[in-house]
1. Output the antiparallel fraction of DSSP beta bridges having both residues in the range 6-135, as a percent to the nearest 5.
2. Can you tell me the FRET efficiency between Leu28 and Glu4 if r is taken as the Cβ-Cβ distance and R0 is 25 Å, rounded to the nearest 0.05?
3. Expected output is a single nm value to one decimal: the length gained when fully extending between Ala83 and Asp139, i.e. 0.36 nm times separation in residues minus the C-alpha distance. What is it?
4. For Ser37 and Thr122, what does the FRET efficiency come to when R0 = 25 Å and r is the distance between their Cβ atoms, rounded to the nearest 0.05?
5. How would you classify the range 77-150 from its alpha-carbon gyration tensor, with a ≥ b ≥ c the square roots of the eigenvalues: rounded for a/c under 1.5, else prolate if a/b is greater than b/c, otherwise oblate?
6. Just check the range 1-128 against the gyration tensor rule for me: Cα atoms, a ≥ b ≥ c as the square roots of the eigenvalues, rounded for a/c under 1.5, and otherwise prolate or oblate depending on whether a/b exceeds b/c.
7. Can you give me the angle between helix 22-31 and the longest principal axis of the chain, using Cα atoms only, in degrees from 0 to 90, rounded to the nearest 10?
8. Just in the range 1-90: which chymotrypsin sites (Phe, Trp or Tyr not before Pro) are loop by DSSP and have at most 15 other Cβ atoms within 10 Å?
Amino acid sequence: RLLELYGGPNCQIPCVGFGFGDCVIVELLKENNLLPSFNNDGIGYVVCAYTDEMYGAACRIAAGLRQTGATVDLMPSPKKKVARSFAHADRIGAQRMAFVAPSEVEKGLVRIKDLRTKDPATGEGVQVDVPIDQLDTVDSLIEAIANGSK
């Protein structure tokens with residue numbers, strides 16, 4: 001009844017297969033009320049590389065953001081159009097987008113745009129260039145702009 005157990009039709013179909021045990025582990029966790037509940041507070045950051053060549057830098061930036069305690073979605077490959085990257089971030093409810101481009105990385109920076117906090121001067125999302133080695137300062141930089149001081 002394995003097919004039935006995982007959403008297949010209500011029928012008896014003999015089958016064989018191979019697995020690494022993840023299904024059994026999930027069932028055991030459920031049975032023993034040990035399956036963790038994950039809060040759905042959304043994703044803090046979506047990190048997107050501008051090109052395939054920037055993917056290594058994007059991985060380092062994602063790791064740095066994770067070290068600050070942020071939840072991070074690292075896009076596996078660049079989108080052909082930048083708007084699609086932002087649409088992905090918006091669709092999953094991300095707070096911020098870190099767009100990893102060569103011009104900023106060469107200067108040791110990453111451009112981060114807050115998708116939910118508006119800049120009072122422009123009405124657009126607050127955008128800051130943050131030193132890659134100071135990713136823990138993003139909140140204060142964005143807050144300063146949102147409060148009208150730069």
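1. Details: 10 of 18 bridges.
Expressed as a percentage, antiparallel bridges in the range 6-135 total about 55.
2. Details: r = 19 Å, r/R0 = 0.74.
So, using R0 = 25 Å, E works out to roughly 0.85.
3. Numbers: separation 56, 0.36 × 56 = 20.16 nm, distance 2.38 nm.
Net length gain for the segment: 17.8 nm.
4. Working: r = 39 Å, r/R0 = 1.57.
About 0.05, to the nearest 0.05.
5. Working: a/c = 1.92, a/b = 1.15, b/c = 1.67.
Cα axes put the range 77-150 in the oblate bin.
6. Details: a/c = 2.55, a/b = 2.23, b/c = 1.14.
Cα axes put the range 1-128 in the prolate bin.
7. Helix 22-31 and the main axis of the chain meet at about 80 degrees.
8. Numbers: sites: Tyr6, Phe18, Phe20, Phe38, Tyr45, Tyr50, Tyr55, Phe86; in loops: Tyr6, Phe18, Phe20, Phe38, Tyr50.
Qualifying residues, ordered by number: Tyr6, Phe18, Phe20, Phe38.
The values are calculated or read from the model by the stated rules, or taken from the named source; none is laboratory data. All values reported here derive from a predicted model rather than from experimental measurement. Quick reminder, even Gly has a Cβ in these numbers, built from the backbone with ideal geometry, and neighbours come from all protein chains shown. The accessibility values were calculated without ligands, DNA or RNA, using every heavy atom of the protein model including side chains. Shrake-Rupley method; radii C 1.70, N 1.55, O 1.52, S 1.80 Å.
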